[in-house]
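The values are calculated or read from the model by the stated rules, or taken from the named source; none is laboratory data. What you are looking at is a predicted structure, and each value in this text was computed from that prediction instead of being measured. With ideal geometry, Cβ positions are generated from the backbone for all residues, glycine too; neighbour counts draw on all protein chains shown. Calculation scope for accessible area: heavy atoms of the full protein, side chains included, ligands and nucleic acids excluded. Shrake-Rupley method; radii C 1.70, N 1.55, O 1.52, S 1.80 Å.
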Amino acid sequence: MPHFAIDHLFGDQLLEAWPIVRMSRAHANRQWWMSEAAQRTGRGGGVLGARAPDGNIHGVAAYSVATKPFLGRVLVVDTPVSFELSRRAPARTALYEALELLANALD
């Protein structure tokens, strides 16, 4: 099973993630994705990418931090999408584990 490195994506890396994000059909076009991802990062959120050993992005998860009544701060995850060739879904699993660590770090 391949191991994935999880990175925060910025700038041109967001463009590199577009082919994976496009599969979710959550964004009409590349410009919309780039604009929304940049705004999310500017508001304290971010975009995580799961990179395979060959450097290609196989999964993406966009997130933001929100404050909810009775819950406090929560991690809101949008656009979790991955390209998998295995039923074990290693890219998605790596993203979810990274999101769990991030949520714990943000309290």
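By the equivalent-ellipsoid construction on the alpha carbon gyration tensor, the chain comes out with semi-axes of 22, 18, 12 Å, ordered largest to smallest. In the chain, excluding the sites themselves, the longest stretch lacking any of the chymotrypsin sites (Phe, Trp or Tyr not before Pro) that are in a DSSP loop with at most 15 other Cβ atoms within 10 Å is 11-69.
Of the trypsin sites (Lys or Arg not before Pro) in region 33-107, the ones in a loop by DSSP (not H, G, I, E or B) with at most 16 other beta carbons within 10 Å are Arg43, Arg87, Arg88. Given a 1.4 angstrom probe, I'd like the percentage of the accessible area of the chain that is carbon and sulfur, rounded to a whole number. Using a 1.4 Å probe with all protein chains present, the chain comes out at 54 percent carbon and sulfur.
For the pair region 48-76 / region 11-43, the C-alpha centres are spaced 13 Å from each other.
Taking a ≥ b ≥ c as the square roots of the eigenvalues of the alpha carbon gyration tensor, region 1-45 is oblate, as a/c is not under 1.5 and a/b does not beat b/c. Estimated from helical segments only, the mean residue ellipticity of the chain at 222 nm is -12500 deg cm²/dmol, where each DSSP H run of four or more residues counts as -39500 (n - 2.57).
Label Lys68 and Ser86 with points 7 Å out from Cα along Cα→Cβ: what is the distance between them in nm? For Lys68 paired with Ser86, the spin-label model returns 3.1 nm.
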